[in-house]
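> Submitted below is the structure of interest, expressed as structure tokens.
The values are calculated or read from the model by the stated rules, or taken from the named source; none is laboratory data. This is a predicted model, so every value here is computed, not measured. Neighbour counts run over all protein chains shown; Cβ positions are idealised from the backbone, glycine included.
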Ligand code: G16
């Protein structure tokens, strides 16, 4: 049936789909408008096959029922849905590719907390399994501004718990095990026998699923297949509110894991993943590995895993990610690419086989096996490398720095800043950019300063205003940008980086002090926002 509607303001997808407070999504017509706009933007649903699933957070199941009814009314031929509505983001990406589907809806607000008073999100992934590129998200947004009606089947709910095939009107609905295909894919990429031998030899690990989607995946792969001890996976049952936690795998939000790893009782490896399973944290005994370093180390050692034995075609990183992986690319004699923040920008490079591995400072790493970042994949690649090299995490990191030097790195988040003040910070920086070169601030001389624009080498598209970057003589850099994933006010992110060719065991914040002060002086962030200390330092 057709339901008359009117446009709802603010349905512009951000860094990764549309993210809002759950109650916003629960308003009558809100989800429906966005889903219909997506169908309108992709040329309708007729005859299409779609993958549908989410991270299991509050409102996941009702939203999936609505999307299924709308898919049926829009002429979709087949919907493949994770049992109980659950699919990790990388597993959904894989299912799109495996089934040659036309795309998929992924319901998640990723690492943002879940619950009726927390966050919800929806994104559309395209045929290649990757997040819709900007051209498509712009079309979707445009469609939300002119929408007059949506289509929805007047049918009962589908039983999401029963694996097998059913029908909703003329649409076939196939409910699948969320883990099975993903598990099979992982077995093709890594040397499971070597990892089994590692665990059999007494290697210990803790994987914190943070009450989010990766619990069932980690139980099946790490404990039941690879032989990690029962109890390796903690917080492994997905909860609608993630146990009231913040399922973001970083030293702040995964503090219990960090505390364990810094204690005498630490296992050999600690790892965590986020709400929808695409982010990861890696920490060895007494050794936290920054996401930027993890990307570089994985790239430098990937050839030790069967899937990457022939080498990498190239490496891509988002602009605010440290230059550590560029050094690896240089040594390997392969290309490296710098993209804007957002996994969607890696899609073209992966499709064109220009890169094999990608990563971001925001705890995401992945490869050409899917078109999303993949938390468990990163953990398995680390395990594969540890199994082959027979060194500890700390030894592998130390060896990496000895070879390439260390990129000291930290990100400061100033959260919930009033939007006009956050915009004023960016505007003030923009105004200063042309005069910064050669100036000295806090003892550091500016060697380059610009606002990052990305020219996609595959389709020629241009993405402007992707963050201000200021480099200093001596290998320091500060980057400023506004987050595109928040649901409240604005978050100013300040990314600090300092290269060191020696002296690898210094205090990170002490090493970054000069860059921080230079960034403060240039941006006037404190004066413009009234904030002197960040809310979160990672
Ligand atoms: C999303 C994107 C990532 C991005 C991250 C942070 O991750 O997929 O590419 O790096 O947001 O974005 P921002 O700095 O704009 O908040 P996720 O895990 O939230 O889907």
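> When you look at residue 306, is it more than 18 Å from residue 183 (Cα to Cα), in contact (Cβ under 8 Å) with a residue 40 or more places away in the chain and in contact with a helix residue (DSSP H, G or I) (Cβ under 9 Å, 6 or more places away or on another chain), yes or no?
no
> Return yes when residue 37 is within 16 Å of residue 143 (Cβ to Cβ) and surrounded by fewer than 22 Cβ atoms within 10 Å (Cβ to Cβ) and no when it is not.
So residue 37 does not fit the description; no.
> Right, next: Identify, by number, the condition in (1) over 21 Å from the mean Cα position of the chain (by Cα); (2) farther than 14 Å from residue 182 by Cβ that residue 248 doesn't meet.
(1)
> Assess whether residue 298 counts as being more than 13 Å from the chain's Cα centre (by Cα), farther than 15 Å from residue 130 by Cα, more than 14 Å from the ligand (Cβ to nearest atom) and in a loop (DSSP other than H, G, I, E, B).
It is false that residue 298 is more than 13 Å from the chain's Cα centre (by Cα), farther than 15 Å from residue 130 by Cα, more than 14 Å from the ligand (Cβ to nearest atom) and in a loop (DSSP other than H, G, I, E, B).
> Would you mind stating whether residue 183 is surrounded by fewer than 21 Cβ atoms within 10 Å (Cβ to Cβ) and part of a helix (DSSP H, G or I)?
Judged against the criteria, residue 183 is a match.
> Now a separate question. Which of (1) part of a loop (DSSP other than H, G, I, E, B); (2) closer than 30 Å to residue 195 by Cα; (3) away from the ligand (no atom under 16 Å from the Cβ) is the odd one out, the single condition residue 370 does not satisfy?
(3)
> For residue 257, indicate whether it is closer than 28 Å to residue 535 by Cα, within 21 Å of the chain's Cα centre (by Cα), at pLDDT 95 or above and outside any loop (DSSP other than H, G, I, E, B).
For residue 257, the condition - closer than 28 Å to residue 535 by Cα, within 21 Å of the chain's Cα centre (by Cα), at pLDDT 95 or above and outside any loop (DSSP other than H, G, I, E, B) - is met.
> Let me ask something else about it. Could you say which residue among 43, 10, 14 is on the phi > 0 side of the Ramachandran plot and either within 16 Å of the ligand (Cβ to nearest atom) or under 27 Å from the mean Cα position of the chain (by Cα) (or both)?
Residue meeting the stated conditions: 10.
> Also, I was wondering about something else. Quick one: which of 466, 509, 498, 513 is more than 22 Å from the chain's Cα centre (by Cα) and either farther than 27 Å from residue 248 by Cα or surrounded by 15 or more Cβ atoms within 10 Å (Cβ to Cβ) (or both)?
Of the residues listed, the single one that is more than 22 Å from the chain's Cα centre (by Cα) and either farther than 27 Å from residue 248 by Cα or surrounded by 15 or more Cβ atoms within 10 Å (Cβ to Cβ) (or both) is 498.
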